[in-house]
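We did not get these values from a lab; they are worked out from the coordinates using the rules stated. Only a predicted model underlies this, so the values are computations on that prediction, with no experimental measurement involved. Positions of Cβ are backbone-derived with ideal geometry, glycine not excepted, and every protein chain shown enters the neighbour counts.
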Amino acid sequence: LENKLVKLNICKEEEDNDLIVNCGDIKKWNITSLEILALKGFNFSPIESNTFENMPNLKQIKISYCMISSIKRDSFYNLLKLESLDLSCSGIENLDSSIFNNLPHLKKLNLWGNFLETLIPCQFSGLK
């Protein structure tokens, strides 16, 4: 299964109190074949460094409605194939200055619906 799974979509509904996924869990997932990861409705505060290091083939990440608040500097480090990153409606308040470095193929970034008050150009310096 680890080497064949390409898409993983986990959506937590309000009544799913027993369903818990956190950054520590994601770090343990060794799904090297995974290209699309979609998570909705979880509490990920904060997204830790190297959370996705065991998923080097990710092309799309969608983490929405997850109450993140902050994202550590190397959270998306070395996701060299990542093309789309959707962090919409997740309560993000601030971004580290180099959070998007080392994402050479990122074409789509969605930060809509967060609580970002200030964006500075260096936060996007690694993007095309």
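Summary of values
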read-out: In sequence order, calculated HN-Hα J values of the stretch 70-77 (Karplus, 6.51, -1.76, 1.60; Hz; x Gly/Pro); value: 9, 10, 5, 3, 9, 4, 10, 4
read-out: Amide proton proximity set for residue 75, modelled H, under 5 Å, gap of 5+; value: 50
read-out: The stretch 47-116 - percent relative contact order, Cα under 8 Å, separation 6 or more; value: 34 percent
read-out: Exceeding the 18 Å Cα-Cα cut-off - candidates 27/107; 81/108; 4/62; 28/108; 62/108; value: 27/107; 4/62; 28/108
read-out: Calculated from backbone phi, Karplus (6.51, -1.76, 1.60) coupling profile of the stretch 107-114 in Hz, x at Gly/Pro; value: 10, 10, 10, 10, 10, 4, x, 9
read-out: Under 20 Å from the residue 97 label point (7 Å along Cα→beta-carbon), backbone N, the stretch 57-82; value: 70-78
